[in-house]
Amino acid sequence: MTQEQQEVGVLTRLDTVAARRWAVVTRAAFAARRAEIDALNVFPVPDGDTGTNLYLSFDAAIDAARLEHEERARSGRASGDDLTVESEVFAHALLLTARGNSGVILSQIFQGFADEVASTSVDALDGAGLAAAIERADTLAWASVTRPVEGTILSVSRAAAAAAAVASGAAAREGSLYAVSAAALAAARTALTATPSQLAALARAGVVDAGGAGYVLLLEALERVITGDLGSDPLVGEDPLRRRTDWASQAVVPPAGLDLDPEGPAYEVMYLLADASGEAVVRLRERLDALGDCLLVVGSGDLHNIHVHVDDVGAAIEAGIEAGRPHRIRVTHFRDRVRSAPDPGAVAVVACAAGEGLAGIFRSAGARVVISGPGRRASAGQLLEMARATGAGSVLLLPNDADTVLAANAAAKVGSDEGLDVRVVPARTPVQGIAALAVFEPAGSLGDNVLAMSSAAAATRNGAVTVATKDALTSAGWCRVGDVLGIVDGDIAVIGNDLHEVGGQVVDRLLASGGELLTVVSGQDAPAKLGEDVAAAARIRRRDLEVSQLYGGQPVYPLMLGVE
């Protein structure tokens, strides 16, 4: 890091406020990259949901931790800016919300951070403290896996921990928080690229490990918080929801000596275990280890999270009943999930897009796209035709435009008459559609997806900037031809004469009631750097704000804006 960078507010200590910011930025990264990570997931079975599991685990943990802090405040218990409490609350919440193998390992990584903070009773981590926390997190992550395997998130974690320790020693005199985080991130990236040489399944598919990719995103989020560079994402290219060209490549020949057998247990079993003694947990681990593989038994005290891949589901659950009280039981049949991809009973998404940039965003997240916008809005017939073309028995429609909602409803009615279950997610703008698609879970039920996606769309406040084409009386007063109009949640709220100024005012209004993520979508007629300038101005006013800049290519609206 240059002297100039050091003078521009780079953090030297990771306190409670920074830790919360790290959680928010990580959640945004997981939300944006979940589709990409899902596509990487080929080990130990092609279940394809690691990115989804990481995002949903983290998102639910943040909400659970917030509720816990509110309850502590009401009851007068310690909370506030206490880093020890903050770390313990979040680690416990993540243990409860963890989904899938990688989600459980992620919970142990944060438990390691919490343990380090608690053992030192510090109010902030410096460089040495961060290195120690990364090392403790790695130790706990490895200990949680009964049969650790190289070429997974564990390899990435171990490399990051080793590099952090070296950087901490080299920077001992300065205690550089940045030096430790940068070293850990660099090592993690290198270790991630090496995972195909360690696992035959990865080499055969030509991809890196999905869980390891998630860990790299976690460390990238940490570095961005430390440097204050919260809005930039230099690795985003023409396809904003695709992270790295080097994460997936042509399939390669597996290294000599690696097992090529793709078969494994047919079921994933997960549950929370309460009321179990330490001896009972030890016996449960031994029993499940004999039944299957990919075993994780993590937790402490009276609560443990159990994850195992088995053929005998009943025996795995019975073992839990013998040990204590299993609850929140989830069972997934991997092979049925793999075969269900072309099955008419699958759930698919059809999204409307007003520009080629938006179309690319939705396609990269797995949706079928119908071009629809001002001057060429899609008909009910076009939407129904695309719904049929998905080959799925259940289809979610994202109109992404208030004037296309009725056509979508009509398509859903006709589809229902034909026996095709079509549901409309009421996304009335592209930014609401992006938010909704970020929480789509391909393996989830149609009803659960409708609820989650509709909630995400409704929770996204939206705005836009356009230019008046006629004189008119608006909610903000009279506008004349050529005036710049700022729209907030569908109503004209600002009238001005400069796109940048009006864009900034719309952002301020959207953020007036709070928000963590600002999405800026530039249109086909947007002046050069309009979106970049509006985003930069927002970051100056709100240093804790995560900003995502996308090129949508939509007509009529030089800017579309959303706040989650």
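The values are calculated or read from the model by the stated rules, or taken from the named source; none is laboratory data. Computed from a prediction, not measured in an experiment: that's the story for all the values here. FYI the Cβ positions are ideal-geometry reconstructions off the backbone, even for glycines, and counts take in every protein chain you see. For the accessible areas, the whole protein counts, side chains as well, though only heavy atoms, and no ligand, DNA or RNA atoms are used. Shrake-Rupley method; radii C 1.70, N 1.55, O 1.52, S 1.80 Å.
Which residues, taken from the stretch 174-208, are among the hydrophobic types (A, V, I, L, M, F, W, C), closer than 26 Å to residue 132 by Cβ and open to solvent by less than 10 Å² (accessible area, probe 1.4 Å)?
177, 180, 184, 185, 188, 192
Considering the stretch 40-69 alone, what residues qualify as being among the hydrophobic types (A, V, I, L, M, F, W, C), modelled with pLDDT of 75 or more and either surrounded by fewer than 24 Cβ atoms within 10 Å (Cβ to Cβ) or at positive phi (or both)?
56, 60, 62, 64, 65, 67
Looking only at the stretch 497-526, which residues are within 19 Å of residue 538 (Cα to Cα), part of a loop (DSSP other than H, G, I, E, B), open to solvent by 40 Å² or more (accessible area, probe 1.4 Å) and not hydroxyl-bearing (Ser, Thr, Tyr)?
Across the stretch 497-526, the qualifying residues are 498, 512, 516.
Which condition from (1) within 20 Å of residue 402 (Cα to Cα); (2) of a type in the set (Val, Ile, Thr); (3) more than 30 Å from the chain's Cα centre (by Cα) is the one that residue 465 breaks?
(3)
Quick one: count up the residues across the stretch 133-146 that are open to solvent by less than 50 Å² (accessible area, probe 1.4 Å), more than 15 Å from residue 185 (Cβ to Cβ) and β-branched (Val, Ile, Thr).
The number of residues fulfilling the criteria is 2.
Which condition number in (1) in a helix (DSSP H, G or I); (2) modelled with pLDDT under 90; (3) open to solvent by 20 Å² or more (accessible area, probe 1.4 Å); (4) within 24 Å of residue 58 (Cβ to Cβ) is the one that residue 149 fails?
Unmet condition: (1).
I'm trying to understand the selection: among the residues of the stretch 527-564, which are free of Cβ contacts under 8 Å to residues at least 24 places away in the same chain, of a type in the set (A, V, I, L, M, F, W, C) and assigned to a helix (DSSP H, G or I)?
Hit for the stretch 527-564 is 540, nothing else.
Taking the condition of being out of contact with any strand residue (DSSP E or B) (no Cβ under 6 Å at 6 or more places or on another chain) and either among the β-branched types (Val, Ile, Thr) or closer than 23 Å to residue 295 by Cα (or both), how many residues in the stretch 126-144 meet it?
Residues flagged as out of contact with any strand residue (DSSP E or B) (no Cβ under 6 Å at 6 or more places or on another chain) and either among the β-branched types (Val, Ile, Thr) or closer than 23 Å to residue 295 by Cα (or both) within the stretch 126-144 amount to 10.
List the pairs whose first member sits in the stretch 467-494 and is under 16 Å from residue 555 (Cα atoms) and modelled with pLDDT of 90 or more, whose second member is assigned to a loop (DSSP other than H, G, I, E, B) and of a type in the set (Phe, Trp, Tyr), and whose Cβ atoms are under 9 Å apart, counting only residues at least 6 apart or on separate chains?
487/557
Can you tell me which residue within the stretch 324-345, out of those that are under 30 Å from residue 412 (Cα atoms) and in contact with a Gly (Cβ under 7 Å, 6 or more places away or on another chain), is modelled with the lowest pLDDT?
342
Give 191, 184, 163 a once-over and let me know the one that is out of contact with any Lys or Arg (no Cβ under 7 Å at 6 or more places or on another chain), over 26 Å from residue 38 (Cα atoms), part of a helix (DSSP H, G or I) and at pLDDT 90 or above.
None of the other options fit; the residue is 163.
Let me confirm something: among 361, 321, 317, 371, which residue is hydrophobic (A, V, I, L, M, F, W, C), touching a helix residue (DSSP H, G or I) at 6+ places or on another chain (Cβ under 8 Å), surrounded by fewer than 24 Cβ atoms within 10 Å (Cβ to Cβ) and modelled with pLDDT of 85 or more?
On inspection, the qualifying residue turns out to be 371.
For the stretch 374-392: of the residues being open to solvent by less than 20 Å² (accessible area, probe 1.4 Å) and either touching a Ser or Thr at 6+ places or on another chain (Cβ under 7 Å) or touching a residue at least 40 places away in the same chain (Cβ under 8 Å) (or both), which is nearest to residue 451 (Cα to Cα)?
This residue is 392.
Being crowded, with 19+ Cβ neighbours inside 10 Å and free of Cβ contacts under 8 Å to residues at least 60 places away in the same chain is the requirement here; does residue 273 meet it?
yes
So, of the residues in the stretch 294-314 that are farther than 20 Å from residue 107 by Cβ and in contact with a strand residue (DSSP E or B) (Cβ under 6 Å, 6 or more places away or on another chain), which turns out to be least open to solvent (accessible area, probe 1.4 Å)?
Ranking the candidates gives 310 first.
Look through 123, 115 and report the one residue that is closer than 30 Å to residue 289 by Cα, open to solvent by 30 Å² or more (accessible area, probe 1.4 Å) and acidic (Asp, Glu).
Every option except 115 fails the conditions.
If the requirement is being out of contact with any Pro (no Cβ under 7 Å at 6 or more places or on another chain) and open to solvent by less than 50 Å² (accessible area, probe 1.4 Å), which of these qualifies: 483, 403?
483
Given the options 494, 488, name the one that is open to solvent by 20 Å² or more (accessible area, probe 1.4 Å) and over 30 Å from residue 347 (Cα atoms).
Criteria check complete, one pass: 488.
Taking the stretch 534-559 only, how many residues are open to solvent by 30 Å² or more (accessible area, probe 1.4 Å) and farther than 23 Å from residue 21 by Cα?
3
Does the stretch 3-14 hold any residues that are open to solvent by 60 Å² or more (accessible area, probe 1.4 Å) and modelled with pLDDT of 65 or more, and which are they?
12, 13 - these are the residues of the stretch 3-14 that are open to solvent by 60 Å² or more (accessible area, probe 1.4 Å) and modelled with pLDDT of 65 or more.
How about the stretch 460-479: which of its residues are open to solvent by less than 60 Å² (accessible area, probe 1.4 Å) and farther than 18 Å from residue 503 by Cβ?
472, 477 - these are the residues of the stretch 460-479 that are open to solvent by less than 60 Å² (accessible area, probe 1.4 Å) and farther than 18 Å from residue 503 by Cβ.
Name the single residue, out of those in the stretch 107-136 being closer than 16 Å to residue 64 by Cα and at pLDDT 85 or above, that is nearest to the chain's Cα centre (by Cα).
Selected residue: 110.
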